[in-house]
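The values are calculated or read from the model by the stated rules, or taken from the named source; none is laboratory data. This is a predicted model, so every value here is computed, not measured. Neighbour counts run over all protein chains shown; Cβ positions are idealised from the backbone, glycine included.
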């Protein structure tokens, strides 16, 4: 008889064994992911406190891994965010799936994995502890040297120090080593920081690379975006497990009050209507609901058509002015159009789509449209063709109908904000093609494309006028000259007439140069 061994592993052990699914698949990708996750944590920490972000990244070469060619780097990320309470620092940075981002509101982080996963990767590849320094601006600064107990998914404190905070400093510093490949990942890291600056134009971001090169992405606005607020779940987006937990944890005494107080935008009339359809007495205690009643209630919640649209206070979109500032600063286009769609929802989860279309300027003409994708203000640089935005611009939009030629200096920027972005993988690089999101993206891009078509039409008309005036500038002086010779008279002064119809001095000079070149070729 074959003996089967069963065992239970911790979340830290799971991600230790399956680093690829979190995006830590190679030394180059792991370095990119580490910088990305820690920068996003820093931006979130600033956004919560409505602080203008100051984020700095320093990467230095420490040596090689044994006799191999793999390199060890030291990565230090500093921010001026709200900081972390000293008692929570070990758990917050030394435990996988422990964090502050599990509530129903928009945040850059989603799973409570990314930042800690970067530190875990560093520990796995170098077997060195990591250092965290943080203060909330009070009298003390807390400094910890930590490692992660992978089997127990717990922090192991190597050393703890408490410093006097004489300057009232506030923020967090993460300092650790990791095996990495900077030469391969450099272009992606720079592109990531550039795109992060585009979508967060209120942030100052600096980066010093291992060769001492300094990159600075300065803020273009001092306005701070409104942070998202915690919201209750919408009844359309719940399942049986959510309702079971709600029934067990609620402090309300009746299922009627539970529906009103634990869900968003559910009034007494709506709650009574739902319970009547589910066949449940409104005065039933939530703790007394049976499995069958919960299943029946969830079925009614998902199919009921009388709920109001989800609350959007849990969202913090980029905003038209912020997106426009970023596009103008980094792409310097000749033309741009920014569109923000009204809030929508999928499965009871609210989302907002924002789109910008940019033409010319610093954009290099190409047969492929330049696509910049963002989700909750995070640049998405990998798996582009698996993303819903790529599907829309390549399959849903007929660019020829908007006067866009095959070789065009065109960029499309898409931004999706939601408490729950439907990523395809834990690595958060591609968004699934949910019909509701696809529809909103299509409508937004078409609206921006119409504005682009109007601009290109004006260019065509202007070019046609200039071409016609150039013909006048070239031939009217000749007609006047030859007509005067035939009539044996002095050539008339026609510059005034030419200026009246729009011919400029530059056009006349260009016509004279062209005539001189033709004469030279004939001779």
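Annotations
- The condition of being part of a helix (DSSP H, G or I), more than 26 Å from residue 29 (Cβ to Cβ) and touching a residue at least 12 places away in the same chain (Cβ under 8 Å) holds for residue 436.
- When the test is whether a residue is part of a strand (DSSP E or B) and within 22 Å of residue 206 (Cα to Cα), residue 162 does not pass it.
- Applying the set (1) under 23 Å from residue 445 (Cα atoms); (2) in contact (Cβ under 8 Å) with a residue 12 or more places away in the chain; (3) in a loop (DSSP other than H, G, I, E, B) to residue 338 leaves exactly one unmet item: (3).
- Filter result (surrounded by 19 or more Cβ atoms within 10 Å (Cβ to Cβ), touching a residue at least 60 places away in the same chain (Cβ under 8 Å) and out of contact with any helix residue (DSSP H, G or I) (no Cβ under 7 Å at 6 or more places or on another chain)) within segment 278-315: 310, 314, 315
- Segment 345-398, residues that are out of contact with any helix residue (DSSP H, G or I) (no Cβ under 7 Å at 6 or more places or on another chain), closer than 18 Å to residue 194 by Cα and in a loop (DSSP other than H, G, I, E, B): 364, 376, 382
- Search result, residues across segment 171-183 that are part of a strand (DSSP E or B) and within 26 Å of the chain's Cα centre (by Cα): 171, 172, 173, 174, 175, 176, 178, 180
- Restricting segment 416-445 to residues that are surrounded by 23 or more Cβ atoms within 10 Å (Cβ to Cβ) and over 13 Å from residue 392 (Cβ atoms), the residue that is modelled with the lowest pLDDT is 428.
- Exclusive hit being assigned by TED's automatic domain parsing to the domain that holds residue 433, at pLDDT below 90 and crowded, with 17+ Cβ neighbours inside 10 Å, set 358, 325: 325
- When restricted to residues that are out of contact with any helix residue (DSSP H, G or I) (no Cβ under 9 Å at 6 or more places or on another chain) and surrounded by fewer than 18 Cβ atoms within 10 Å (Cβ to Cβ), segment 227-248 contains 4.
- Selection status of residue 270, in contact with a helix residue (DSSP H, G or I) (Cβ under 7 Å, 6 or more places away or on another chain), farther than 14 Å from residue 243 by Cα and either modelled with pLDDT of 90 or more or not in a loop (DSSP other than H, G, I, E, B) (or both): no
- Qualifying residue in segment 342-350 (condition: under 30 Å from residue 235 (Cβ atoms), free of Cβ contacts under 8 Å to residues at least 60 places away in the same chain and surrounded by fewer than 21 Cβ atoms within 10 Å (Cβ to Cβ)): yes
- Tallying residues that are in contact (Cβ under 8 Å) with a residue 60 or more places away in the chain, in a strand (DSSP E or B) and touching a helix residue (DSSP H, G or I) at 6+ places or on another chain (Cβ under 6 Å) within segment 131-156 yields 2.
- Filtering segment 383-403 to residues that are more than 18 Å from residue 353 (Cβ to Cβ) and crowded, with 20+ Cβ neighbours inside 10 Å leaves only 402.
- Looking across segment 192-236, the residues that are at pLDDT 90 or above, more than 21 Å from the chain's Cα centre (by Cα) and not in a strand (DSSP E or B) come down to 209, 210, 211, 212, 213.
- Qualifying residue in segment 200-214 (condition: more than 30 Å from residue 126 (Cα to Cα), touching a helix residue (DSSP H, G or I) at 6+ places or on another chain (Cβ under 7 Å) and surrounded by fewer than 19 Cβ atoms within 10 Å (Cβ to Cβ)): no
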